[in-house]
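What follows is one structure encoded as structure tokens, with my remarks underneath.
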Amino acid sequence: MAHLLLRGVPLGPPSGGISSIDAVLFDKDGTLSHSEAMLQALAAARVDCALVLADLEAHSPERHRELRDLLERAFGLRASGIHPGGITAVAARDHNLIATATALAQVGLSWPDSLAIAEDTFRQTDRLHGAGGASPPRPTAGLPALLDRLQRANLRCAVISNDHEEGIRGFLQRHDLEHRFEQALWSAEHHPRKPAAGAVHGLCADLGVQPERCALIGDADSDLRMARAAGVPVVIGYRAGWEQPPELEPGWPELHHWDELEAAAD
Ligand SMILES: [Mg+2]
């Protein structure tokens with residue numbers, strides 16, 4: 001049993017007071033890991049691949065340009081990087097695939113053709129996800145020291161992510177973080193997925209902890225709203241996982257570096 005302190009201030013529910021907790025649930029992309037460069041390369045490769053497969057450039061350059069624009073906007077690809085709250089950053093593979101097919105349908109392809117091209121696009125670019133690309137995800141600054149502090153306070157740590165289980169475990173293994181996290185995790189293969197409150201309930205049941213005795217840290221409003229809806233008292237927005245810090249709804253406690261977070265035994 002312990003509580004968290006943010007810049008020296010003990011954390012509790014919005015109604016006030018200090019929450020005694022047993023576990024901290026972490027989002028992965030943009031929270032445990034800097035994933036922006038990998039996600040940007042992945043989204044750009046998906047755009048290029050879909051454009052080649054749609055094969056519009058020679059006979060319909062205008063629709064080709066329109067498709068590029070639609071895909072880039074759908075994926076949250078911007079000149080400044082990738083939208084931290086966009087579909088590439090936040091959503092699971094199948095949602096991204098449907099968004100790709102929708103963009104193809106919007107330039108006049110039939111739905112079966114759109115879906116087939118989207119599926120082909122993802123098959124051809126999946127290897128760039130996770131560690132497969134030129135810029136694999138790396139832990140955010142100060143993470144191992146934070147995990148030490150949490151461990152010393154007997155707090156358990158778990159991951160709740162829309163990445164696949166293989167991607168989550170691969171990231172933890174590569175960076176020698178696996179032993180710091182519980183075996184139980186919640187991934188894109190679990191049901192319901194983030195951002196359903198049931199995702200938090202499912203993970204908590206697997207861990208054998210009550211949602212009311214957890215903290216959750218994520219880099220997207222969808223994570224934070226999910227946690228609140230699930231009855232998690234300590235909900236923290238993490239903003240240091242992106243070049244351009246994500247804009248979160250006002251009112252969430254915000255972390256700008258893991259050094260700002262301490263744990264103390266009750
Ligand atoms: Mg995230």
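The values are calculated or read from the model by the stated rules, or taken from the named source; none is laboratory data. Fair warning: this is a prediction, and the values are worked out from it, not measured in the lab. When we count neighbours, we look across all protein chains shown, and the Cβ atoms used for this are built from the backbone with ideal geometry, even at glycine.
Of note:
- With respect to the conditions (1) more than 30 Å from residue 265 (Cβ to Cβ); (2) modelled with pLDDT of 95 or more; (3) charged (D, E, K, R); (4) assigned to a loop (DSSP other than H, G, I, E, B), residue 119 falls short on a single one, namely (4).
- Qualifying residue in the range 88-95 (condition: within 16 Å of the ligand (Cβ to nearest atom) and without any contact (Cβ under 8 Å) to a residue 12 or more places away in the chain): yes
- Some residue of the range 113-128 being within 20 Å of residue 92 (Cα to Cα), in contact (Cβ under 8 Å) with a residue 24 or more places away in the chain and assigned by TED's automatic domain parsing to the domain that holds residue 222: no
- Taken as a whole, the structure leaves residue 151 outside the set of residues that are without any contact (Cβ under 8 Å) to a residue 12 or more places away in the chain, in the same structural domain as residue 199 (by TED's automatic domain parsing), out of contact with any Ser or Thr (no Cβ under 6 Å at 6 or more places or on another chain) and under 30 Å from residue 202 (Cα atoms).
- First in the range 21-47 and under 22 Å from residue 158 (Cα atoms), second anywhere and near the ligand (Cβ under 9 Å from one of its atoms) and assigned to a helix (DSSP H, G or I), Cβ under 7 Å, 6 or more apart: 27/223; 29/89; 30/89
- Criterion (touching a strand residue (DSSP E or B) at 6+ places or on another chain (Cβ under 9 Å), closer than 29 Å to residue 151 by Cβ and assigned by TED's automatic domain parsing to the domain that holds residue 110) met by exactly one of 90, 47: 90
- The range 14-37, residues that are away from the ligand (no atom under 16 Å from the Cβ) and in contact with a helix residue (DSSP H, G or I) (Cβ under 9 Å, 6 or more places away or on another chain): 14, 19, 20, 21, 22, 23
- Restricting 83, 59 to those that are within 16 Å of the ligand (Cβ to nearest atom) and out of contact with any Lys or Arg (no Cβ under 9 Å at 6 or more places or on another chain) reduces the list to 83.
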